[in-house]
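Asker: Dumping the structure here so I can ask a few things about it.
The values are calculated or read from the model by the stated rules, or taken from the named source; none is laboratory data. Only a predicted model underlies this, so the values are computations on that prediction, with no experimental measurement involved. Cβ atoms come from the backbone with ideal geometry, glycine included; neighbour counts cover every protein chain shown. Quick note on the areas: whole protein, heavy atoms, side chains included, nothing else; ligands and nucleic acids left out. Shrake-Rupley method; radii C 1.70, N 1.55, O 1.52, S 1.80 Å.
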Amino acid sequence: MRTKHLIAGAVILSLAVVEFSVARDLDLSAGPAQARGGAIGAAAAPSAAPVPAFDVSHLIEPSGKYFGVALGGAPTAADNVAGYTERVGKKPNMLTVFESFDDEFAASQAREAYQNGALPVIRWEPFRPKLKDIAAGKQDAYITRFATAVRTVNVPIVLTFAHEMNGGWYSWGAGKNKAADFVAAWRHIHGLFEKADATNVIWTWTPNVINPVPGVKLKPLYPGDKYVDWIGIDGYFTRKGKNTYDELFGPTKKQVRKFTDKPFLIVETGAEPGGSRPEWIGELTGGVAEDDDMLGFVYFNQNGSARWKIDQDSAAVRALRKGGAKKVYGFTVR
C-alpha cells in the first residue's frame, strides 16, 4: 500500500509541474528556462528558487497598440476568440473578464487568455462591500486570497477596480461614496497585492468619460502615480452623445493630464446601432491609431444598455475590420 501511495503522489506532483509549465510556457527538458515576458523559470527540483513574478514592464509600454474585445459567454474560450477573429480580421490581444468582488479569481480564464496570446483584463466590481469598509480592512482575507491566486497563476493581468467611479450609476460611484474612501480602498488593495508579491498586475484606474458628469472632478479620485500604471477610460459613441474621437475622449484626457502623465487605454467602448455606427467605429480605430497617448482600445461586443454587439451588423464589422487592419494594432502578448 505504501508503494501505491508513493506512486500516486509522484503522478500528482508530475501533473502539477506540467500544468505550471504550460501556464508559464517553460521547457522542462532544458532545466532552468526563460519564461514569457523575461521572467526566469525554475526547474522542478525541490531546492529550486521560487519563480519570480511575471515582469509586466514590456506590456505597460508595448511596441504596438492593443486591439481588445469583451466577448459574451466564455470570453476567453479559444472558439469564441477564433470566431471574433474571423469576423473582424485580426486576433484580439486583450480580453475582458468581469468579476464581482466576492468572486474567486478567474484563474482558468486569465491563463486561457494569456495562452491565446492576449492580455486578460479583470474588471473587479465591488457591488456589495462599502469602499470605506474595504479601506478599513474588513475584506482583507478575501483580497489576500484573490491576490495570492493572481500570483500563483503568474500570468500578466490588467486590473480595474471599481471602474467609472466618477459616475453615479454604481454602488461604489460618486454621490454614494466620498472620493477619499475610493482612494483609500484602492491604496489598501494595492498594498495587500504587494504583500502577496502579486506584481504581475497592471493597475488601471478607469473613470468614465467626463462628458455626462462634468461636475465630478477626477483628481480627488486619483490614488496617485505610485499606485497606478495606466489611466483607463470608458466611453461609448451614442446618438445623444459626442460622436468624434476627440469630442468623446478629449475632455477626459485633458483633465487627467493636469495631474498625471500615465498612458491611456480605452478599457471599454462601443457604438450604438444605426447608420452612423460604421463611421463611429472608424473614428475610434483611426483616433486611437493616431493618438500617441493612447495604448489601444477594448470593444464591448455584448448587448447591455444598448445593442453594442456588432456580429450581425455587416457594415460595422467591415468598419472594424478596416480600422483594425492598421499595422499599429495587434501583437502577441508574451
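Asker: Could you tell me which residue of segment 164-196 is surrounded by the fewest Cβ atoms within 10 Å (Cβ to Cβ), considering only residues that are of a type in the set (D, E) and either in a loop (DSSP other than H, G, I, E, B) or in contact (Cβ under 8 Å) with a residue 24 or more places away in the chain (or both)?
Answerer: So the residue we want is D181.
Asker: Sticking with this structure for a sec: Testing E279 on (1) without any contact (Cβ under 8 Å) to a residue 24 or more places away in the chain; (2) of a type outside the set (K, R); (3) more than 30 Å from R145 (Cβ to Cβ); (4) open to solvent by 50 Å² or more (accessible area, probe 1.4 Å), one condition comes back false. Which one is that?
Answerer: (1)
Asker: Let me ask something else. Only residues that are over 27 Å from A325 (Cβ atoms), assigned to a loop (DSSP other than H, G, I, E, B) and at pLDDT 95 or above: list them for segment 33-67, please.
Answerer: Across segment 33-67, the qualifying residues are P52, A53, F54, D55, V56.
Asker: Right, something else. Look through segment 284-325, keep the residues that are polar (S, T, N, Q), at pLDDT 95 or above and surrounded by fewer than 21 Cβ atoms within 10 Å (Cβ to Cβ), and return whichever of them is nearest to I233 (Cα to Cα).
Answerer: First, pick out the residues of segment 284-325 that are polar (S, T, N, Q): 285, 301-303, 305, 312, 314.
Cutting the leftovers down to at pLDDT 95 or above gives us 285, 301-302, 312, 314.
Going one step further and asking which of them are surrounded by fewer than 21 Cβ atoms within 10 Å (Cβ to Cβ), we end up with 302, 312, 314.
On the way: Q302: 18, Q312: 26, S314: 27 Å.
Looking at residues that are polar (S, T, N, Q), at pLDDT 95 or above and surrounded by fewer than 21 Cβ atoms within 10 Å (Cβ to Cβ), I get Q302.
Asker: All but one of (1) outside any helix (DSSP H, G or I); (2) closer than 27 Å to F182 by Cβ; (3) open to solvent by 60 Å² or more (accessible area, probe 1.4 Å) hold for K240; which doesn't?
Answerer: (2)
Asker: Kindly indicate whether any position in segment 262-284 is of a type in the set (D, E), part of a loop (DSSP other than H, G, I, E, B) and out of contact with any His (no Cβ under 6 Å at 6 or more places or on another chain).
Answerer: Of the residues in segment 262-284, the ones of a type in the set (D, E) are 268, 272, 279, 283.
After this cut, where a residue has to be part of a loop (DSSP other than H, G, I, E, B) as well, the list is 272.
Of the ones still in play, those that are also out of contact with any His (no Cβ under 6 Å at 6 or more places or on another chain) are 272.
Looking for residues that are of a type in the set (D, E), part of a loop (DSSP other than H, G, I, E, B) and out of contact with any His (no Cβ under 6 Å at 6 or more places or on another chain), one finds at least one in segment 262-284, hence yes.
Asker: If I go through segment 295-309 residue by residue, how many of them are touching a Leu at 6+ places or on another chain (Cβ under 7 Å) and farther than 19 Å from T76 by Cβ?
Answerer: 1
Asker: What are the residues in segment 113-146 that are of a type outside the set (S, T, Y), closer than 22 Å to H58 by Cβ and either part of a helix (DSSP H, G or I) or in contact with an Asp or Glu (Cβ under 7 Å, 6 or more places away or on another chain) (or both), if any?
Answerer: Once the filter is applied, which keeps residues that are of a type outside the set (S, T, Y), closer than 22 Å to H58 by Cβ and either part of a helix (DSSP H, G or I) or in contact with an Asp or Glu (Cβ under 7 Å, 6 or more places away or on another chain) (or both), segment 113-146 yields A113, Q115, I122.
Asker: Related question: So in segment 215-237, with the set limited to residues that are assigned to a helix (DSSP H, G or I) and not aliphatic (A, V, I, L, M), which one is least open to solvent (accessible area, probe 1.4 Å)? If you could, list the steps in order and put the result at the bottom.
Answerer: So in segment 215-237, the residues assigned to a helix (DSSP H, G or I) come out as 219-221, 225-227.
Filter again for not aliphatic (A, V, I, L, M), leaving 219-220, 225-227.
Details: K219: 133, P220: 75, D225: 69, K226: 155, Y227: 50 Å².
Out of the qualifying residues, it is Y227.
Asker: Contact list please: Cβ distance under 8 Å, first residue in segment 287-307 and closer than 19 Å to G250 by Cβ, second residue of a type in the set (V, I, T) and not in a strand (DSSP E or B), pairs at least six apart or on different chains.
Answerer: Within 8 Å, the pairs are G287/T244; A289/V328; M294/V288; G296/V288; F297/T285; F297/V288.
Asker: Are there any pairs with C-beta distances below 6 angstrom linking a residue in segment 78-94 that is surrounded by 13 or more Cβ atoms within 10 Å (Cβ to Cβ) to a residue that is in a helix (DSSP H, G or I) and of a type outside the set (V, I, T), with the two at least 6 apart or on different chains, and if so which?
Answerer: From segment 78-94, the pairs are V88/L320; V88/R321; V88/G324; G89/R321; K90/G324.
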